[in-house]
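FYI, it's all coordinate maths here, none of it is from the lab. Quick caveat: nothing in here was measured; it's all calculated off a predicted structure. Every residue, glycine as well, gets a Cβ built from its backbone with ideal geometry; the counts of neighbours run over all protein chains shown.
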Amino acid sequence: MRFLITAGGTREYIDPVRFISNASSGRMGYALATAALKAGHEVTLISAPTALKPPAGATLVAVESAAEMFAAVKQHFARCHCLIMAAAVADFTPASPSKTKIKKEGGLKPTLRLKPTPDILRWAGRQRRVCTAHHSKIIVGFALEDRDLHANAERKMRDKHLDMIVANTPAAINATASILHIKPIDSDWIKINESHKTASSRRIIRETERLFRQQ
Ligand code: C5P
């Protein structure tokens, strides 16, 4: 299978040197890319900045912002059999970033106006519904929830027309090990007890293979 995997936290620039981002390390997406490669698949890894070394054998597409990640996903989506959106995509971006470095002189108290970013995963789910060429793709999303984990994640899966959702709590951010809950469209919740992201990645990839075979 050809996998398209996103990873890392996007950077939304306020001015040429400052940005808003989040605490994502990129480990989940990189572990998924490694697991898919080990299972013999082809991997394109679209990565926001991380401190990680890209897995050997993956085609790396480096991006910074949500807008750049969206453009890269659009470019590579048609060829993939499975999209896994493991990236922590910023939900908001500065509405009018400054072209020059914002100065503190002059007693200014700047306010930051934000606008929503495009929801990449929602776009992918919709593509599959409107275009027969994309029908057989497997689309997987992540949900980071601090309450009502299963209910919120299931709603996301329905709303965005996904085949599988991986739910976790804020404790998973920037961690090497985490507790994951996986919900494939055709089965009940599977809880993966506290384990290294490498181990849980293997399980996620196996589930995508199973869903792909069943189509
Ligand atoms: O709706 P929420 O942001 O919680 O959904 C999380 C999922 O959606 C993740 O898989 C994330 O990668 C993806 N996402 C996206 N584009 C955004 C925001 C989130 O693809 N702008």
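I'd like to check something: does the stretch 132-140 contain any residue that is in contact with a Phe, Trp or Tyr (Cβ under 9 Å, 6 or more places away or on another chain) and within 13 Å of the ligand (Cβ to nearest atom)?
Looking through the stretch 132-140, none of the residues is in contact with a Phe, Trp or Tyr (Cβ under 9 Å, 6 or more places away or on another chain) and within 13 Å of the ligand (Cβ to nearest atom).
Can you name the residue in the stretch 167-203 that is under 19 Å from F3 (Cβ atoms) and touching a helix residue (DSSP H, G or I) at 6+ places or on another chain (Cβ under 6 Å) and is also surrounded by the most Cβ atoms within 10 Å (Cβ to Cβ) among such residues?
S201
In the stretch 178-215, which residues are among the polar types (S, T, N, Q) and over 21 Å from D148 (Cα atoms)?
Scanning the stretch 178-215 gives S195, T198, S200, S201, T208, Q214, Q215.
Please enumerate the residues belonging to the stretch 78-100 that are in a loop (DSSP other than H, G, I, E, B) and surrounded by 11 or more Cβ atoms within 10 Å (Cβ to Cβ).
A78, C80, H81, A86, A87, V89, A90, D91, P97, S98 - these are the residues of the stretch 78-100 that are in a loop (DSSP other than H, G, I, E, B) and surrounded by 11 or more Cβ atoms within 10 Å (Cβ to Cβ).
Among the numbered conditions (1) in contact with a Phe, Trp or Tyr (Cβ under 9 Å, 6 or more places away or on another chain); (2) more than 8 Å from the ligand (Cβ to nearest atom); (3) of a type outside the set (V, I, T), tell me where E105 comes up short.
The number of the failed condition is (1).
Residues in the stretch 78-100 that are within 12 Å of the ligand (Cβ to nearest atom) and either within 13 Å of T6 (Cβ to Cβ) or over 14 Å from the mean Cα position of the chain (by Cα) (or both): how many?
Number satisfying all stated conditions: 10.
In the stretch 37-77, how many are surrounded by 18 or more Cβ atoms within 10 Å (Cβ to Cβ), within 16 Å of the ligand (Cβ to nearest atom) and among the aliphatic types (A, V, I, L, M)?
Summing the residues that are surrounded by 18 or more Cβ atoms within 10 Å (Cβ to Cβ), within 16 Å of the ligand (Cβ to nearest atom) and among the aliphatic types (A, V, I, L, M) in the stretch 37-77 gives 9.
Scan the stretch 117-125 and give yes if some residue there is in contact (Cβ under 8 Å) with a residue 24 or more places away in the chain, more than 11 Å from the ligand (Cβ to nearest atom) and of a type in the set (D, E), otherwise no.
no
What do you reckon, is R113 over 21 Å from the mean Cα position of the chain (by Cα) and either within 12 Å of the ligand (Cβ to nearest atom) or of a type outside the set (S, T, Y) (or both)?
Here the answer is yes, as R113 does meet what is asked.
Considering each residue of the stretch 19-77, count those that are over 22 Å from I204 (Cβ atoms) and in a helix (DSSP H, G or I), and give that number.
Residues flagged as over 22 Å from I204 (Cβ atoms) and in a helix (DSSP H, G or I) within the stretch 19-77 amount to 7.
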